[in-house]
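Participant: Got a structure for you, questions after.
The values are calculated or read from the model by the stated rules, or taken from the named source; none is laboratory data. Small disclaimer: the values here were computed from a predicted structure and weren't measured. Quick reminder, even Gly has a Cβ in these numbers, built from the backbone with ideal geometry, and neighbours come from all protein chains shown.
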Amino acid sequence: MKKEEVYNPSHPDGQNNTIKEPISYDGIGKIGNRYLIPARQGRAVRLKKDQSILIYNPEGNQVCDFFAIIDGAESEFLSMEHTRTALGRIYVKKGDILVTNRRRPLIEIVEDTSPGVHDILIACCDHARYQQLGASSYHDNCADNFRMSLMAINVPIKHVPSPFNIWMNIPVSGKQGEYTWEAPVSRKGDFIKLAAHEDCIVVMSACPQDMTPVNGIGVLPSKLEFELEDL
Ligand SMILES: [Zn+2]
């Protein structure tokens with residue numbers, strides 16, 4: 001019998017420019033600088049305790065898969081399953097504090113100019129997801145953007161956590177919890193401001209999903225931008 005191929009969760013299934021274009025060699029950003037996350041790519045940035053990150057949705061249609069890991073202790077990370085337990089619900093709002101897999105506060109939603117529709121249920125897209133949707137060759141994906149963003153600043157990771165899917169619209173409305181995949185309701189120029197409760201490394205992926213309407217009915221993934229701010 002053929003031996004199963006061993007899955008290596010730290011290794012990307014393909015590549016794009018995410019791996020070549022970190023914001024800096026060590027992921028340290030400049031306060032007040034506006035950084036670009038090109039469509040379909042990811043970027044990592046170090047965020048100090050009590051600093052905030054503002055993430056902008058210039059076109060309004062774009063979902064941001066947001067991850068955070070503790071700087072220097074990468075086995076502790078922002079965890080959606082622990083956050084759902086902490087909040088007692090499956091939707092987030094301004095004022096909420098998202099927690100790690102050790103149930104410690106890590107990311108606080110300080111400001112949100114959008115109608116506030118985000119997702120904390122769905123795993124990020126990956127190579128296997130696009131193959132299931134019918135892609136015949138490699139397709140950019142958020143799991144690989146996460147891996148490449150961290151490889152680009154020399155931070156090793158062992159697995160891909162579930163992301164906080166900013167602006168992703170997954171209404172759960174069926175009697176048995178059935179949900180649907182809908183276009184974002186965010187608008188051009190909307191932003192969300194997130195504050196760090198610990199030193200962490202944030203990774204954002206401009207989700208390259210163009211096979212479902214997750215990034216709008218035009219299925220045209222677009223760029224994101226971000227800035228760092230001191231309290
Ligand atoms: Zn994605």
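Participant: Can you work out which of the residues in the stretch 81-105 that are of a type in the set (Ser, Thr, Tyr) and either more than 29 Å from Pro213 (Cβ to Cβ) or in contact with a strand residue (DSSP E or B) (Cβ under 8 Å, 6 or more places away or on another chain) (or both) is farthest from the ligand (Cβ to nearest atom)?
Facilitator: Top of the filtered list is Thr85.
Participant: Restricting to the stretch 46-80, and then to whatever is among the small types (Gly, Ala, Ser) and under 22 Å from Gly32 (Cβ atoms), can you tell me which residue is farthest from the ligand (Cβ to nearest atom)?
Facilitator: Ser52
Participant: Considering only the stretch 128-135, I want to know if a residue exists there that is of a type in the set (Gly, Ala, Ser), farther than 21 Å from Gly42 by Cα and modelled with pLDDT under 95.
Facilitator: No - not one qualifying residue is present in the stretch 128-135.
Participant: Just need a number here: residues in the stretch 201-219 that are of a type in the set (A, V, I, L, M, F, W, C) and more than 13 Å from the ligand (Cβ to nearest atom).
Facilitator: 3
Participant: Within the stretch 48-90, can you find the residues that are in contact with a Ser or Thr (Cβ under 8 Å, 6 or more places away or on another chain) and either surrounded by fewer than 19 Cβ atoms within 10 Å (Cβ to Cβ) or assigned to a loop (DSSP other than H, G, I, E, B) (or both)?
Facilitator: Across the stretch 48-90, the qualifying residues are Pro58, Glu59, Gly60, Asn61, Gln62, Glu76, Ser79, Glu81, His82.
Participant: Among the residues of the stretch 139-160, are any among the hydroxyl-bearing types (Ser, Thr, Tyr), under 26 Å from Glu81 (Cβ atoms) and touching a Lys or Arg at 6+ places or on another chain (Cβ under 8 Å)? Steps first, answer last, please.
Facilitator: Filtering the stretch 139-160 down to residues among the hydroxyl-bearing types (Ser, Thr, Tyr) leaves 149.
Those still in the list that are under 26 Å from Glu81 (Cβ atoms) too: 149.
Applying the additional criterion that residues be touching a Lys or Arg at 6+ places or on another chain (Cβ under 8 Å) yields 149.
Checked the stretch 139-160: at least one residue is among the hydroxyl-bearing types (Ser, Thr, Tyr), under 26 Å from Glu81 (Cβ atoms) and touching a Lys or Arg at 6+ places or on another chain (Cβ under 8 Å).
Participant: Inside the stretch 129-158, can you point out the residues that are within 26 Å of Ser24 (Cα to Cα), away from the ligand (no atom under 13 Å from the Cβ) and in a loop (DSSP other than H, G, I, E, B)?
Facilitator: Within the stretch 129-158, Ala152, Ile153, Asn154, Val155, Pro156, Ile157, Lys158 qualify.
Participant: Could you please find all residues in the stretch 1-54 being among the small types (Gly, Ala, Ser) and in contact with a strand residue (DSSP E or B) (Cβ under 8 Å, 6 or more places away or on another chain)?
Facilitator: Gly27, Gly29, Gly32, Ala39, Gly42, Ala44, Ser52
Participant: Follow-up question, since we're still on this one. Just wondering, is there one or more residues in the stretch 183-200 that are β-branched (Val, Ile, Thr), more than 16 Å from the ligand (Cβ to nearest atom), assigned to a strand (DSSP E or B) and buried (at least 20 other Cβ atoms within 10 Å of the Cβ)?
Facilitator: Of the residues in the stretch 183-200, the ones β-branched (Val, Ile, Thr) are 185, 192.
Narrowing the set further to residues that are more than 16 Å from the ligand (Cβ to nearest atom) leaves 185, 192.
Add one more test, that the residue is assigned to a strand (DSSP E or B), and what stays is 192.
So of that shortlist, the ones also buried (at least 20 other Cβ atoms within 10 Å of the Cβ) come out as 192.
Taking every residue of the stretch 183-200 in turn, at least one turns out to be β-branched (Val, Ile, Thr), more than 16 Å from the ligand (Cβ to nearest atom), assigned to a strand (DSSP E or B) and buried (at least 20 other Cβ atoms within 10 Å of the Cβ).
Participant: May I pose another question? Taking only pairs six or more apart or across chains, which ones have beta-carbon atoms under 6 Å, a first residue in the stretch 151-170 that is within 15 Å of Arg46 (Cβ to Cβ), and a second residue that is small (Gly, Ala, Ser) and not in a loop (DSSP other than H, G, I, E, B)?
Facilitator: Pairs found: Ile153/Ala44.
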